[in-house]
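Asker: Got a structure here, written out as structure tokens. Questions coming.
The values are calculated or read from the model by the stated rules, or taken from the named source; none is laboratory data. Just so it is clear, the structure is predicted and the values come from calculations on it, not from any experiment. Virtual Cβ from ideal backbone geometry, glycine too; neighbours counted across all protein chains shown. Surface accessibility is based on the protein's heavy atoms, side chains included, excluding ligands, DNA and RNA. Shrake-Rupley method; radii C 1.70, N 1.55, O 1.52, S 1.80 Å.
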Amino acid sequence: MRNLKLLKSLRSCELQCLGSPQCFSVRGDTGSLLLASQYSITEYDPRTGQVVSEASLTADSFLPEDGSGVVVGLQDLAEVESACLATAGGDVILFNLNTCQLECVGSVDSGLTSMSWSPDEELVILTTGQETVIMMTKDFEPITEMGIHQDDFGEGKFITVGWGKKETQFHGSEGKQAAQRKAVEVQPAAVWDDRRPRVTWRGDGQLFAVSAVCPQTGARKVRVWNREGVLQATSEPINGLEQALCWKPSGSLIASTQRHPNKHSVVFMEKNGLLHGDFTLPFSKDQVKVKKLLWNSDSSVLAVWLQDMTAGEDGNVIQLWTVGNYHWYLKQSLDFGRDPQKAPACVCWDPERPLQLHVVTCDWTTIAYDWGWTTERSPGLDATDNANVAVIDGDKILVTTFRQCVVPPPMCSFELQLKSPVNQVTFLCQPQRTNQLAAFTADGLISIFSQEQQADKTVNGFRTVSHPLVLQKTFRVSVLQQEPLALRQLLWLNHDMFVGVSPGLLPTSSTVLILHPSEDSQDTLNVEVAGEVISMVHCTQTGTVALQLEDGQIKKLLWDCAEPSVVEWRDSNGCSISFPVPCVQTVLCNIGQEEYLLGLTDRSHLYAGDTELASNISSFSVCNDFLVITTHSHTCRCLELSTLTVKGLQAALASDGGQNDETLRRVERGSRIVTVVPQDTRVILQMPRGNLETVHHRALVLAQLRRWLDSLKFRESFECMRKLRINLNLIYDHSPKVFLENIETFITQLDSINHINLFLTELKEEDTTSTMYPRPENSPVRPQTASGKKKVDVVCDALKSTMESMDPNKFCLSILTAHVKKTVPELEIALQKVHELRANPPKSPGAVSAEEALKYLLFLVNVNDLYEHSLGTYDFDLVLMVAEKSQKDPKEYLPFLNMLKSLEPNYQRFTIDKHLKRYRKALFHLSKCGQEHFPEALQLVKQQKLYNEALRLFTADSAQYKALSCAYAEHLVEQQQAEQAGLLLWRCGEITSALQAFATSNSWRNAICVAQQIPLPPDQLALLARDLAEKLTEQRRYSEAALLLDQYAKDCEEAILALITGAVWEEALRLIYMHNRQDITETNLKPALLEAVNTQTVFLEAQMTTFTRHKTRLAVVREQKEKARLDMLDEDGPDCADAELYSEASSVMTGSKYSHSNSRISSRSSKNRRKAERKKLSLKEGSPLEDKALMYALGEIITTVDKMREEVHSLLKTLVLFQFDKHAEKLQQAYDEALHKMEAAIPEVWPDGLQNNQAPLTGPNSTANSIMASFQQQQRPASSPQDAEVLAPPKMRNSVKWKLNVLT
């Protein structure tokens, strides 16, 4: 649905030569023109108006001096920097473009009628006056010569497989009479046909076609040869085939023209010579003749050069045709008038720029037309704009209103018929009136169409939703220049103001015309611009008009002032802004708070001023502050410009998008944007084959939904979300507080039970604004509800209470849904409401009956769940009602219900609860059934372990409570909790069992209390004390064991020995003197003291020896590791996260057997991970983590020795008491030295900054790899908590005073 828009036209009339132009070629490398006449060949640069080179063709007698000579072909040969031309006299001449010398490279005696070079300039085809074809190489060496007219069809001759004659085959819509139709004799070629052959090449240079007049029939016939000069196919007899011939560069079709009895057509042939499609020219029979057909280089536009044959008329017209969805559109019509001097003499497309058309007129004026693709869409931004798109098709404008309907081309909503072909279409840029349209036609008229205000009519049940536009006024626009399309870039700014661009006074300047047309006169203001204006756009929001020049400069047109002017475009900093390269599509928009001109180049680069935003854009559009683009990677992006900066826009377009990125979606390959419906969610895309697709882009949808929800338009939001499958949770999640404050508005707007139910059933705890539909950046934070309730419960409760207050009968089903949908479904309440409906049916009209409500509940909930919940209400009427609606067999539930009805109420409820596995409720009801059911209750408690609940149901002085306590105690003993079991037994009076439980758990104080409460005889009490003391001794609880032996077993000697064994020296002395047993001092205490001194001394020596050995090894390991690490970095060693761990003895350097010891350890469980961590800390020399293992071992030694302070202090005091001063001094000195050595070693073993690894390694010997690795190592966190523990130095308790001053 694109039109061809004239970007610029370069007209040059400085060239003046003898004769008239006969042949014409464009140099692809310089852009200059090669023109040949009957006198000379000239290279001319139209941009400078200078003749680059020129040579006479008559001076060397290549052409006669009387001007009767004819040049039949001209071709630029870029490889040899020459031009090749052929004359009718038979000469083939090379014109050297550097030396301006002419050289005849060959001659044909019979003369030449045409010359055609292959696209790769490797071969040349010459047709001679003897009706032959000569194929030569680029060096003009003959390859072959063959006659044009051959009787053979060619290599591609069709094969008949014997399925009958053509007359017996199916003839489709023509019917059986086609079988009897006789072949029509082919009429001779038209009188005006020059009878010369026409040669055309396929784009790949593998085939060429020749159209020539057949000597037998006098009609033209097309033959196709291959590159080797072998005939491939001959066209079928085509009556009225004309001389124009052009092969589509893409290689699919050969275009020619055919005159029918009632029409004039452009026809297409395949390479096998068969016709394949056509389109009709908009002229009557014998009105025009087609002089030439020309495809542009990318096969997108077909130029048709026509000459009027009407008597007294000698006009020339060039038409530009495009195809889409198998329909041919006439996009532009260039009428050159009747002046023979202004008529085109030569026409061709530029070989490098696909949409540049070159025309040379008979008076040597050259015109270069540069076209661009554009989509003419209405510029409105509000809902009154119908999203119109206008497509030019000759003298008709096809208008589609996408707000009301999507009509695939070539169809449309309505057509606007004009009297002459349309060249430009523009919509009114005035808000609220953007549906009005103006057309500029080839005869210089501007026609204005507007929409009449009509009420919607309904005819035969159909309502008119899109009213066609009606012609209101027509004005004539006159400009100084008389060539076609002197007015371009037409904009309709106000109802009485147009702005256009025409060629300026200089070839490289433009004139901006501000037109105020009226029916009587025309008021025009001219503004000269130094440069070619190639685009002009208007912003409806700001009223800005921006111009773009051919060199990328951006100008601003100040049009709404007394004296219009053009000024430079400057940014907010006052700097001049221009595009780096010219753009073929431009749009004004606001990015952030600044206005920018967006531009898209023909190379798919998108710019915002001088900043490149992206480089793979196929199309874009701006609507309602959204930039919508399609890319060559087959995606469509939609970005909100008001929330972005230019850099942010750059970053957004460069990113690939996340999982829930609402700005990105996939589209079909080759999709282009046609339009975006304003204030809507629809984006209209056109596929390469021409059909349309409507997509609701997620970004537009969510933006629209947010606007509606902010405006409390819940109905519109709900309908949109339901249609486009947006999660309905967004209605609440967008702004919970606002929703809860306007629930009644929500219910009133929806006004549909089904819609409310749908909303309720889709509720879930997930916050969709943080997962599925993230809020846009810079969006305001929405207030959340402060309650600690879950979201589903909050919404259900709020809706339920509101509906109950509004009309509980009307919203009955929705209220039931709210109960069922809660986090813990309130099925009992819902069933109770159904039961109330059955007991008291509502009498209001439209109210829901109990049967309907129950049927709806069964739709929401599984029937078995509902049956069980109904059973849990203990209401048998309700149970029967549910059972009747279910698919259950009455034989299944009736006996069970009858059995329940026969039971006592409490036991009945117990049976129901037990059946439903509600054991706590079952126990509660069973406890009320009397003493006879207590054994059953006890059994239930034991089975379901409901001991705590059961104890609360009975009084503490009851027999049931005692039985439950004993059962609970047995359970606790089984769970290895004998002490708690003893407490239960003790309080319920089971003293003997409590004593046994306390003795088992070593709770000796409770055991002694219970034993004395019994009371036990003294001998049994002493025995109990000895047993308890023995167990405590095994647990190294010597002080408690001594207390039992002394006070309850009455054995002071055993008590003192227990204290000596536990090194509790002072307590042992106390008992010795209390019981007057000083003999034990000599026999047991003093030997134990000396043994303790010896033990402590040996232990300290062993610890210090180990400490010194580990510390020395740690220094060696660290030195080796540092050296290995530097060697690996200098040699670009392995880029490994643990590179700093490898020493010279490590597996990487030496292949140690410990290299892969943990390779199979996975993260199966935390226990396994801890084992793996411990295995890594191996003290074996050469292990990867040897240094960490050594640090861990050193820390353990320091901690162990530091914990000896209190024990050594107590031992020293006792030694001094018994005058073992030498032993005490030795012990104190050894322990003091050990502590000082360890404290001094801590900074060495755990240096400062160890937890942050090492400082960045820099210096003259560092490499880039070593510096980068050291920085990475510095920032790497500890790999595990155990690593952190190893790297942290141990803390010594220096505040604990242990030394004795008497020993210093």
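Asker: When you look at residue 790, is it touching a Cys at 6+ places or on another chain (Cβ under 8 Å), at pLDDT 85 or above and of a type in the set (D, E, K, R), yes or no? Give the steps one after another, and end with the answer.
Answerer: Working: touching a Cys at 6+ places or on another chain (Cβ under 8 Å): no; at pLDDT 85 or above: yes; of a type in the set (D, E, K, R): yes.
When the stated conditions are applied, residue 790 does not pass them.
Asker: Looking at (1) within 33 Å of the chain's Cα centre (by Cα); (2) open to solvent by 10 Å² or more (accessible area, probe 1.4 Å), which is the only condition residue 474 fails?
Answerer: The single condition residue 474 does not satisfy is (1).
Residues are listed down the side, and each one gets a yes or a no for (1) under 30 Å from residue 885 (Cβ atoms); (2) acidic (Asp, Glu):
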position: 790; (1), (2): no, no
position: 793; (1), (2): yes, yes
position: 826; (1), (2): yes, yes
position: 832; (1), (2): yes, no
position: 845; (1), (2): yes, no
position: 849; (1), (2): yes, no
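Asker: Go through the residues of segment 342-349 one by one and say whether even a single one is of a type in the set (Val, Ile, Thr) and closer than 20 Å to residue 44 by Cα. Let's see the steps before the verdict.
Answerer: Filtering segment 342-349 down to residues of a type in the set (Val, Ile, Thr) leaves 347.
Filter again for closer than 20 Å to residue 44 by Cα, leaving 347.
Checked segment 342-349: at least one residue is of a type in the set (Val, Ile, Thr) and closer than 20 Å to residue 44 by Cα.
Asker: Please enumerate the residues belonging to segment 894-918 that are assigned to a helix (DSSP H, G or I) and either open to solvent by less than 60 Å² (accessible area, probe 1.4 Å) or touching a strand residue (DSSP E or B) at 6+ places or on another chain (Cβ under 8 Å) (or both). Write out each step before concluding.
Answerer: Here is the first cut: in segment 894-918, the residues assigned to a helix (DSSP H, G or I) are 894-901, 905-915.
Hits for segment 894-918 are 896, 897, 900, 906, 907, 908, 910, 911, 912, 913.
Asker: Given (1) of a type in the set (Asp, Glu); (2) farther than 30 Å from residue 1076 by Cβ; (3) surrounded by 14 or more Cβ atoms within 10 Å (Cβ to Cβ), identify the lone condition not met by residue 1051.
Answerer: Among (1) of a type in the set (Asp, Glu); (2) farther than 30 Å from residue 1076 by Cβ; (3) surrounded by 14 or more Cβ atoms within 10 Å (Cβ to Cβ), residue 1051 violates only (2).
Asker: Then there's this: Whether any residue in segment 543-560 is open to solvent by 40 Å² or more (accessible area, probe 1.4 Å), outside any strand (DSSP E or B), modelled with pLDDT under 85 and not polar (S, T, N, Q) is what I want to check. Talk me through it step by step, then tell me what you get.
Answerer: Our first condition is that a residue be open to solvent by 40 Å² or more (accessible area, probe 1.4 Å); within segment 543-560, this holds for 550-551, 553, 556, 558, 560.
When the remaining residues are screened for being outside any strand (DSSP E or B), the result is 550-551, 560.
Narrowing the set further to residues that are modelled with pLDDT under 85 leaves 560.
Narrowing further to those that are not polar (S, T, N, Q): 560.
Checked against the condition, which is being open to solvent by 40 Å² or more (accessible area, probe 1.4 Å), outside any strand (DSSP E or B), modelled with pLDDT under 85 and not polar (S, T, N, Q), segment 543-560 yields at least one hit.
Asker: Which members of segment 1091-1114 meet the condition of being free of Cβ contacts under 8 Å to residues at least 24 places away in the same chain and either under 60 Å from the mean Cα position of the chain (by Cα) or over 22 Å from residue 1186 (Cβ atoms) (or both)?
Answerer: Scanning segment 1091-1114 gives 1091, 1094, 1095, 1098, 1099, 1112.
Asker: For segment 790-893, which fully contained helices (runs of 4 or more DSSP H) count at least 2 residues that are basic (Lys, Arg) and under 25 Å from residue 748 (Cα atoms)?
Answerer: On the way: elements: 791-806, 812-821, 827-839, 850-860, 863-872, 876-885.
Here the list reads 791-806.
Asker: Listed residues 289, 263, 248, 285; which is free of Cβ contacts under 8 Å to residues at least 60 places away in the same chain, in contact with a Phe, Trp or Tyr (Cβ under 6 Å, 6 or more places away or on another chain) and either open to solvent by 10 Å² or more (accessible area, probe 1.4 Å) or over 24 Å from residue 359 (Cβ atoms) (or both)? Break it down into steps so the answer makes sense when it comes.
Answerer: Values: 289 fails: free of Cβ contacts under 8 Å to residues at least 60 places away in the same chain; 263 fails: in contact with a Phe, Trp or Tyr (Cβ under 6 Å, 6 or more places away or on another chain); 285 fails: in contact with a Phe, Trp or Tyr (Cβ under 6 Å, 6 or more places away or on another chain).
On inspection, the qualifying residue turns out to be 248.
Asker: So which residues in segment 581-600 are in contact with an Asp or Glu (Cβ under 8 Å, 6 or more places away or on another chain) and open to solvent by 10 Å² or more (accessible area, probe 1.4 Å), if there are any at all? If you could, list the steps in order and put the result at the bottom.
Answerer: Here is the first cut: in segment 581-600, the residues in contact with an Asp or Glu (Cβ under 8 Å, 6 or more places away or on another chain) are 582, 584, 588-590, 594.
582, 584, 588, 590, 594 - these are the residues of segment 581-600 that are in contact with an Asp or Glu (Cβ under 8 Å, 6 or more places away or on another chain) and open to solvent by 10 Å² or more (accessible area, probe 1.4 Å).
Asker: Let me ask something else about it. Checking residue 1088 against (1) of a type in the set (A, V, I, L, M, F, W, C); (2) open to solvent by less than 50 Å² (accessible area, probe 1.4 Å); (3) touching a residue at least 40 places away in the same chain (Cβ under 8 Å); (4) farther than 30 Å from residue 988 by Cβ, which single condition isn't satisfied?
Answerer: Of everything listed in (1) of a type in the set (A, V, I, L, M, F, W, C); (2) open to solvent by less than 50 Å² (accessible area, probe 1.4 Å); (3) touching a residue at least 40 places away in the same chain (Cβ under 8 Å); (4) farther than 30 Å from residue 988 by Cβ, residue 1088 misses just condition (3).
Asker: Of all the residues that make up segment 30-84, how many are among the charged types (D, E, K, R) and crowded, with 16+ Cβ neighbours inside 10 Å?
Answerer: Applying the first criterion (among the charged types (D, E, K, R)) to segment 30-84 yields 43, 45, 47, 54, 60, 65-66, 76, 79, 81.
Then keep just the ones that are crowded, with 16+ Cβ neighbours inside 10 Å; that gives 43, 45, 76.
Final tally of qualifying residues: 3.
Asker: Something else: Return yes or no: is residue 563 under 35 Å from the mean Cα position of the chain (by Cα), among the charged types (D, E, K, R) and either within 24 Å of residue 430 (Cβ to Cβ) or assigned to a loop (DSSP other than H, G, I, E, B) (or both)? Explain how you work it out, then say what you get.
Answerer: Working: under 35 Å from the mean Cα position of the chain (by Cα): no; among the charged types (D, E, K, R): yes; either within 24 Å of residue 430 (Cβ to Cβ) or assigned to a loop (DSSP other than H, G, I, E, B) (or both): yes.
In short, no.
Asker: Continuing with the same structure: Being under 16 Å from residue 608 (Cβ atoms), open to solvent by 20 Å² or more (accessible area, probe 1.4 Å) and hydroxyl-bearing (Ser, Thr, Tyr): is that true of residue 694 here?
Answerer: On the way: under 16 Å from residue 608 (Cβ atoms): no; open to solvent by 20 Å² or more (accessible area, probe 1.4 Å): yes; hydroxyl-bearing (Ser, Thr, Tyr): yes.
Answer is no for this residue.
Asker: For a quick check of your reading of the model, give me the residue pairs whose first member lies in segment 84-113 and is of a type in the set (Phe, Trp, Tyr), whose second is part of a strand (DSSP E or B), with beta-carbon atoms closer than 7 Å and at least 6 apart or on different chains.
Answerer: Going by the 7 Å Cβ cut-off, the qualifying pairs are 95/41; 95/55; 95/82; 95/83; 95/85; 95/102.
Asker: Let me ask you something else. Does residue 964 satisfy being out of contact with any Cys (no Cβ under 6 Å at 6 or more places or on another chain), crowded, with 18+ Cβ neighbours inside 10 Å, within 28 Å of residue 1044 (Cβ to Cβ) and touching a residue at least 12 places away in the same chain (Cβ under 8 Å)?
Answerer: Values: out of contact with any Cys (no Cβ under 6 Å at 6 or more places or on another chain): yes; crowded, with 18+ Cβ neighbours inside 10 Å: yes; within 28 Å of residue 1044 (Cβ to Cβ): no; touching a residue at least 12 places away in the same chain (Cβ under 8 Å): yes.
Considered against the rule, which asks whether it is out of contact with any Cys (no Cβ under 6 Å at 6 or more places or on another chain), crowded, with 18+ Cβ neighbours inside 10 Å, within 28 Å of residue 1044 (Cβ to Cβ) and touching a residue at least 12 places away in the same chain (Cβ under 8 Å), residue 964 comes out as no.
Asker: Give me the residue from segment 191-205 that is touching a Phe, Trp or Tyr at 6+ places or on another chain (Cβ under 9 Å) and of a type in the set (Val, Ile, Thr) and, out of that set, nearest to residue 133 (Cα to Cα).
Answerer: Taking segment 191-205 as the starting set, the residues that turn out to be touching a Phe, Trp or Tyr at 6+ places or on another chain (Cβ under 9 Å) are 199-203.
Still in the running and of a type in the set (Val, Ile, Thr): 199-200.
On the way: 199: 10, 200: 13 Å.
The qualifying residue nearest to residue 133 (Cα to Cα) is 199.
Asker: Out of 728, 712, report the one residue that is in a loop (DSSP other than H, G, I, E, B) and on the phi > 0 side of the Ramachandran plot.
Answerer: Details: 728 fails: on the phi > 0 side of the Ramachandran plot.
Going through 728, 712 in turn, the sole match is 712.
Asker: For residue 929, only one of the following conditions fails: (1) outside any loop (DSSP other than H, G, I, E, B); (2) within 15 Å of residue 960 (Cα to Cα). What is its number?
Answerer: Against the list (1) outside any loop (DSSP other than H, G, I, E, B); (2) within 15 Å of residue 960 (Cα to Cα), residue 929 comes up short only on (1).
Asker: Those residues that are under 20 Å from residue 773 (Cα atoms) and in contact (Cβ under 8 Å) with a residue 40 or more places away in the chain, I need them from segment 650-663; list them, please.
Answerer: Of everything in segment 650-663, those that are under 20 Å from residue 773 (Cα atoms) and in contact (Cβ under 8 Å) with a residue 40 or more places away in the chain turn out to be 653, 660, 662.
Asker: Check whether at least one residue in segment 92-99 is within 30 Å of residue 232 (Cβ to Cβ) and open to solvent by less than 50 Å² (accessible area, probe 1.4 Å), and report yes or no.
Answerer: yes
Asker: Still on this structure, I have one more. Criterion first (modelled with pLDDT under 95, open to solvent by 50 Å² or more (accessible area, probe 1.4 Å) and in contact with a Ser or Thr (Cβ under 9 Å, 6 or more places away or on another chain)) does residue 760 satisfy it?
Answerer: Working: modelled with pLDDT under 95: yes; open to solvent by 50 Å² or more (accessible area, probe 1.4 Å): no; in contact with a Ser or Thr (Cβ under 9 Å, 6 or more places away or on another chain): yes.
So residue 760 fails the test.
Asker: Could you say whether any residue in segment 735-752 is buried (at least 20 other Cβ atoms within 10 Å of the Cβ) and within 21 Å of the chain's Cα centre (by Cα)?
Answerer: Within segment 735-752 (the criterion being buried (at least 20 other Cβ atoms within 10 Å of the Cβ) and within 21 Å of the chain's Cα centre (by Cα)), the answer is no, since none of the residues qualifies.
Asker: Here is a follow-up. Tell me, please, whether a residue that is part of a loop (DSSP other than H, G, I, E, B), touching a residue at least 12 places away in the same chain (Cβ under 8 Å) and buried (at least 20 other Cβ atoms within 10 Å of the Cβ) can be found in segment 5-16.
Answerer: Narrowing segment 5-16 to residues part of a loop (DSSP other than H, G, I, E, B): 13-16.
With the extra rule that they be touching a residue at least 12 places away in the same chain (Cβ under 8 Å), the set shrinks to 13-16.
Right, trim to buried (at least 20 other Cβ atoms within 10 Å of the Cβ) and you get 15.
Yes: one or more hits.
Asker: Going through segment 612-630 one residue at a time, which ones are at positive phi and open to solvent by less than 50 Å² (accessible area, probe 1.4 Å)?
Answerer: Applying the first criterion (at positive phi) to segment 612-630 yields 624-625.
Passing the criteria: only 624.
Asker: Considering only residues that are closer than 18 Å to residue 1219 by Cβ and polar (S, T, N, Q), look in segment 1054-1082 and name the one that is farthest from the chain's Cα centre (by Cα).
Answerer: Applying the filter and picking the extreme gives 1078.
Asker: Continuing with this model, one more query. Going through 604, 642, 633 one at a time, which residue ends up being open to solvent by 40 Å² or more (accessible area, probe 1.4 Å), assigned to a loop (DSSP other than H, G, I, E, B) and of a type outside the set (Asp, Glu)?
Answerer: Numbers: 604 fails: open to solvent by 40 Å² or more (accessible area, probe 1.4 Å); 642 fails: assigned to a loop (DSSP other than H, G, I, E, B).
After ruling out the rest, the residue left standing is 633.
Asker: Next question, about the same structure. Only one of 769, 785 is open to solvent by less than 20 Å² (accessible area, probe 1.4 Å), in contact with a Lys or Arg (Cβ under 8 Å, 6 or more places away or on another chain) and at pLDDT below 90; which?
Answerer: On the way: 785 fails: open to solvent by less than 20 Å² (accessible area, probe 1.4 Å).
None of the others qualify; the one that does is 769.
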